[in-house]
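Written out below as structure tokens is the structure these notes cover.
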Amino acid sequence: MQRTEERARQGERKSTGRADADRSQISHPVVIVGGGPTGLMLAGELSLAGIDVAIVERRVGQELDGLRSGGLHARTIEIFDQRGIADRFLAQGRTAQVAGFAGVSLDISDFPTRHDYGLALWQKHIERILTEWVEELGVTIFRRCEVTAFVQDDSGVDVALGDGRSLRADYLVGCDGGRSLVRKASCIEFPGSDPTTSNLIGEVEVTEEPNWGIHRDATGIHGLSRLDDGTVRVMVTEREVGAVAPPTLRDLSDALIAVFGTDYGVHNPASLSRFTDMARQAASYRQGRVLLAGDAAHVHPPDGGQGMQLGVQDAVNLGWKLAQVVRKTAPESLLDTYQAERHPVAARVLKNTMAAVVLRREDERIKALRDMVSDLLAMEEPRRRFAGMMSGLDIRYDFGEGHELLGRRMPDLDLVTADGPQRVFALLHDARPLLLNFGKPRAFDIGPWADRVRSFDARYDGAWELPVLGAVEAPGAVLVRPDGHVAWVGGPTSAGLADALTRWFGPPAAA
């Protein structure tokens, strides 16, 4: 904690000095547009890697229009655990089995993970906790600021702010949502499907007792539930699609009357928002020195609660790569692996959410299909496969053929090391790569990469198990990237290790 607080003080002094010296232009190696979960997570990752990063956020604080995401899936909790901050979220949320598909609950309590559950916690609380974390790390946040334009050249990006100031960055990352200015200004195509259904969601007070619970009809799905503070959360499918103006209380009232014959006396809305089933994905996640992450790179229906999880995963995948490129320890081509790995993951989410939207409807044919899907997901193998997909625990990046661990998340094993018991995730708290050797001590020489990769001789006597796959062969050694994915499996020889180290962490240092 002392080290973290000192870094924060250094960051504050550093940022203040630049701003005071020249109010017209401030330099940061990386500027992030958007201070939601994706932008905050990316800022934290870059800061852990020693990169001076700034966030530009139009909001004054972390207040949100609408309720947004309602929780975390297991893999996202694991990611926070890898950084030593999972307990902050667990202390303020409620653990539950949240994975599901098309209304079918998918229990992951038998999955081999410390976090065999999800967490019910509203996005405003998630953002607040992440903000506290990045502030501890000394991240600069420009609030009440909007990016109005930017121009990139061979050495960086000039970013214009609405208050007349400008920023200079080596790289600019758009984490600014589905309507991303960064994506549009970069002329990155955003192909996909237009909305076919539209939903209003609100937090309101009522004067009549509502018809509680989930309801379906030919229009779609609707629901009313009471929140802890006594207000009512309303979600209703609209009869018409295409409204672009922000929703009003009258819109909500009309939609409720159309479905239930009454609006239950809705009044005093704390939040109102609209979402659709539009599904689009950026054709490219990078254009020169400009990159996209989170909703700026992909939008989809909220079914399954996967949107924020995707954004956090994008950030953790991109952060350590971008940090190495900024420090010039790795070539710029490393950034190409960001899209290669993350684009297929988001494409799969678009696919499963579009399927789930179809199954929302209530005509007899769709109901029959939904019943059959429910029957299938009650079977063991389909349940495990879909639960792995919806929780994010089954993600595998394609690193070629090899051991079943290759490209997958490293299990959080209880290791025995020369320094005593260690959890794998605890060794990832500072976001540095790991070489874990389970064979003969000091069997691998990584001297040319020793300044970048930590090496441990370790012992683990239990079974190696992965979600969905089950038991796998115990490896002799593994190279684990900062995002927790296994980049190399070997032992007792070091065949391929030098190539993997070079591929992911740059060429060996000069002797």
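The values are calculated or read from the model by the stated rules, or taken from the named source; none is laboratory data. Quick caveat: nothing in here was measured; it's all calculated off a predicted structure. Cβ atoms come from the backbone with ideal geometry, glycine included; neighbour counts cover every protein chain shown. When the accessible area is computed, the model is the full protein with side chains, heavy atoms only, and any ligands, DNA or RNA have been set aside. Shrake-Rupley method; radii C 1.70, N 1.55, O 1.52, S 1.80 Å.
What to note about this one:
- Relative packing of peptides 224-232, 318-326 - highest average C-beta neighbours within 10 Å first: 318-326, 224-232
- Ignoring lysines fewer than eight residues from Lys124 along the same chain, none have Cα atoms less than 16 angstrom from its Cα.
- In the full protein context, the range 322-436 carries 46 Å² of accessible surface per residue, based on a 1.4 Å probe and ignoring ligands, DNA and RNA.
- Accessible area of the range 160-313 belonging to carbon and sulfur atoms, whole % at 1.4 Å probe: 50 percent
- Thr207/Ala96 FRET efficiency (R0 35 Å; Cβ-Cβ; nearest 0.05): 0.70
- Computed with a 1.4 Å probe over protein heavy atoms only, the accessible surface of the range 167-250 comes to 51 Å² per residue.
- With Cα atoms as the point set, the range 356-502 shows a radius of gyration and Dmax of 19.7, 66 Å.
- Here the range 281-404 has an Rg and Dmax of 17.6, 60 Å, counting Cα atoms alone.
- Percent carbon-and-sulfur accessible area, the range 424-485, ignoring ligands, DNA and RNA, probe 1.4 Å: 46 percent
- Note on the range 79-163: Kirkwood radius taken over Cα pairs, Stokes-Einstein applied at 25 °C and 0.890 mPa s, translational D equal to 149 µm² s⁻¹.
- A full extension of the chain between Leu469 and Glu146 corresponds to an added length of 111.7 nm, given 0.36 nm per residue minus the alpha carbon distance.
- Set of aspartates and glutamates with alpha-carbon distance to Lys321 below 18 Å, sequence-local pairs under 8 removed: Glu45, Asp52, Asp170, Glu332, Asp336, Glu341, Asp398, Asp430, Asp451, Asp483, Asp499
- Unit Cα scatterers, Debye sum, the range 420-465: log10 I(q)/I(0) for q = 0.14, 0.24, 0.31 Å⁻¹: -0.37, -1.00, -1.25
- Backbone phi angles across the range 443-460, fed through the Karplus curve with coefficients 6.51, -1.76 and 1.60 (θ = phi - 60°), yield HN-Hα couplings of 6, 10, 9, 10, x, x, 10, 4, 7, 10, 10, 8, 10, 9, 8, 9, 10, 9 Hz in residue order; Gly and Pro are listed as x.
- Peptides 193-200, 486-493 ranked from most to least packed, by the mean per-residue count of other Cβ atoms within 10 Å: 486-493, 193-200.
- The alpha carbon radius of gyration of the range 207-267, expressed as a multiple of 2.2 N^0.38 Å, is 1.10.
- Between Glu189 and Lys328, the FRET efficiency from the beta-carbon distance, with R0 = 30 Å, is close to 0.45.
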